[in-house]
Amino acid sequence: KKNGFLISEKLISDNKISQLREELEKEFFDKDSKVQKYLKDFENLELAQKIMNIYSSNKVLSIIEDLKKNLNRNVALLPPFEVHKNYHVDLRQVHGWHRDCGGELKYDYCKNILSDKNYLFSKIGIYLQNNSDYGGGIDIIQSSHKNFSKFTSIVRKFKSIPFRITILFHKFLNKIYMMLPEKFFMFILNAKKLYPDKGSAVFFDSRIIHRGSPISKDKAKEIKFVKGEYQAFLPKEHNKFSIYCQLGTTESIDSYMFDRLKREDGFFELKMWLEHAEFVSKYNKELYKDICDVLEPIKKKYAKYINLNY
């Protein structure tokens with residue numbers, strides 16, 4: 001609530017991280033150069049099981065139990081369960097800053113949920129490398145998850161002026177933007193680069209403005225990016241692996257789906273969530289039950305979308 005993010009204790013030993021990285025290199029090898037892969041689509045299902053075990057480790061579950069007690073609501077880990085490899089923005093093309101709830105801000109229904117004091121919807125990132133000049137972690141704009149009620153939204157908009165100026169600078173004066181040190185813009189934005197221990201989890205609020213820590217402007221000159229896609233080719237020792245899932249309550253998912261289901265083919269995402277839940281049922285019955293407890297009201301409310309044909 002205070003910071004918009006939380007960094008857990010280390011969940012994986014360095015030896016296991018090295019093993020995971022090697023296994024993920026094989027899983028992602030020559031797979032149409034994909035940067036994103038869902039656990040349910042892994043060829044190596046033993047590797048998928050290992051990652052599910054990290055999600056449901058005692059250290060993560062203890063955080064979830066604290067949240068349940070604090071909010072007096074059902075809270076669960078949520079889909080999609082996925083891994084990214086070398087998912088990077090090219091600062092020459094994209095600044096990367098965004099809120100995960102950005103689409104929801106168009107609707108009063110969602111804004112009422114986003115401003116609830118017990119709102120909880122978070123992404124969880126487990127980074128298998130330290131944050132460095134080659135990226136590898138996450139940057140956040142401090143306190144940008146606050147002021148979402150109709151009484152304080154004007155405060156949020158006022159505080160976002162440096163952000164809007166930076167975005168315009170990036171768009172219209174890009175050459176100058178690339179010449180200036182990124183620390184300059186981080187200072188203006190009141191932004192912070194997080195340095196979690198590799199193998200720990202970063203929980204970050206869907207309302208907070210954030211981005212994957214970019215490759216530094218100096219290092220980017222040496223790196224090949226795929227134009228139009230968030231993909232970079234790095235030396236193997238600097239490859240970035242990020243394990244992601246989400247965490248939330250029924251109310252927060254209602255806001256998320258309200259937005260998604262107004263988009264073209266948005267019902268695919270809801271069906272995808274349910275497919276992920278069924279995948280989890282094969283590996284962790286307790287986690288599957290928690291997911292079902294949170295998703296059941298969503299399934300009932302949006303049943304007509306679930307029944308749509310592909």
- prompt: Going through region 294-303 one residue at a time, which ones are over 18 Å from Y109 (Cβ atoms) and either under 20 Å from the mean Cα position of the chain (by Cα) or hydroxyl-bearing (S, T, Y) (or both)?
  reply: V294, L295
- prompt: When region 122-146 is examined, which residues are found to be open to solvent by less than 40 Å² (accessible area, probe 1.4 Å) and farther than 19 Å from F187 by Cα?
  reply: S122, I124, G125, I126, Y127, L128, Q129, Y134, G136
statement: Of the listed residues (N53, N72, N86, N44), the one being loosely packed, with under 15 Cβ neighbours inside 10 Å and within 20 Å of K240 (Cβ to Cβ) is N44
message: Residue under question is I113, and the condition is that it be within 14 Å of S255 (Cα to Cα) and either in contact with a helix residue (DSSP H, G or I) (Cβ under 7 Å, 6 or more places away or on another chain) or open to solvent by 60 Å² or more (accessible area, probe 1.4 Å) (or both); does it hold?
response: yes
- prompt: Can you name every residue in region 9-24 that is surrounded by fewer than 15 Cβ atoms within 10 Å (Cβ to Cβ) and either among the β-branched types (V, I, T) or within 21 Å of the chain's Cα centre (by Cα) (or both)?
  reply: E9
- prompt: What are the residue pairs meeting all of these: first residue in region 229-254, first residue within 23 Å of F267 (Cβ to Cβ), second residue assigned to a loop (DSSP other than H, G, I, E, B) and not basic (K, R), Cβ atoms under 6 Å, and 6 or more apart or on different chains?
  reply: G248/L120; T249/V75; T249/L120; S252/Y119; S252/L120
query: Just for region 108-147: of the residues that are charged (D, E, K, R) and part of a strand (DSSP E or B), which one is farthest from G212 (Cα to Cα)?
result: K123
task: List every residue pair whose Cβ atoms sit under 8 Å apart, with the two residues 6 or more apart in sequence or on different chains, where the first one lies in region 172-190 and is within 21 Å of S160 (Cα to Cα) and the second, anywhere, is assigned to a helix (DSSP H, G or I) and open to solvent by 80 Å² or more (accessible area, probe 1.4 Å).
output: I188/I165
task: Could you please find all residues in region 198-209 being closer than 16 Å to G135 by Cβ and either modelled with pLDDT under 95 or open to solvent by 10 Å² or more (accessible area, probe 1.4 Å) (or both)?
output: K198
query: Does L287 count as under 23 Å from the mean Cα position of the chain (by Cα) and either within 14 Å of S56 (Cα to Cα) or of a type in the set (F, W, Y) (or both)?
result: yes
- request: Please enumerate the residues belonging to region 258-274 that are farther than 12 Å from Y107 by Cα and either open to solvent by less than 40 Å² (accessible area, probe 1.4 Å) or touching a helix residue (DSSP H, G or I) at 6+ places or on another chain (Cβ under 7 Å) (or both).
  value: L261, G266, F267, E269, L270, K271, M272, W273, L274
- prompt: Would you call K192 under 21 Å from N130 (Cα atoms), open to solvent by 40 Å² or more (accessible area, probe 1.4 Å) and at pLDDT 95 or above?
  reply: yes
- prompt: In region 50-92, which residues are in contact with a helix residue (DSSP H, G or I) (Cβ under 8 Å, 6 or more places away or on another chain), closer than 20 Å to P297 by Cα and part of a loop (DSSP other than H, G, I, E, B)?
  reply: R73, N74, V75
task: Taking the residues in region 99-133 that are over 16 Å from the mean Cα position of the chain (by Cα) and hydrophobic (A, V, I, L, M, F, W, C) as candidates, determine which candidate is nearest to H88 (Cα to Cα).
output: L105
query: Only one residue in I291, I306 is more than 25 Å from Y107 (Cα to Cα) and either charged (D, E, K, R) or open to solvent by less than 70 Å² (accessible area, probe 1.4 Å) (or both), so which one is that?
result: I291
field: Boolean, K1 is at pLDDT below 95 and open to solvent by less than 70 Å² (accessible area, probe 1.4 Å)
entry: no
task: Take the residues in region 148-189 that are under 21 Å from K106 (Cα atoms), open to solvent by 40 Å² or more (accessible area, probe 1.4 Å) and not in a helix (DSSP H, G or I), then tell me which one is modelled with the highest pLDDT.
output: T152
- prompt: List the pairs whose first member sits in region 160-171 and is farther than 12 Å from F184 by Cβ, whose second member is part of a helix (DSSP H, G or I) and not polar (S, T, N, Q), and whose Cβ atoms are under 8 Å apart, counting only residues at least 6 apart or on separate chains?
  reply: F163/L189; I165/I188; H170/Y177
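The values are calculated or read from the model by the stated rules, or taken from the named source; none is laboratory data. Just so it is clear, the structure is predicted and the values come from calculations on it, not from any experiment. Methodologically, a virtual Cβ is constructed for each residue, glycine included, from the backbone with ideal geometry; neighbour enumeration extends over all protein chains shown. Quick note on the areas: whole protein, heavy atoms, side chains included, nothing else; ligands and nucleic acids left out. Shrake-Rupley method; radii C 1.70, N 1.55, O 1.52, S 1.80 Å.
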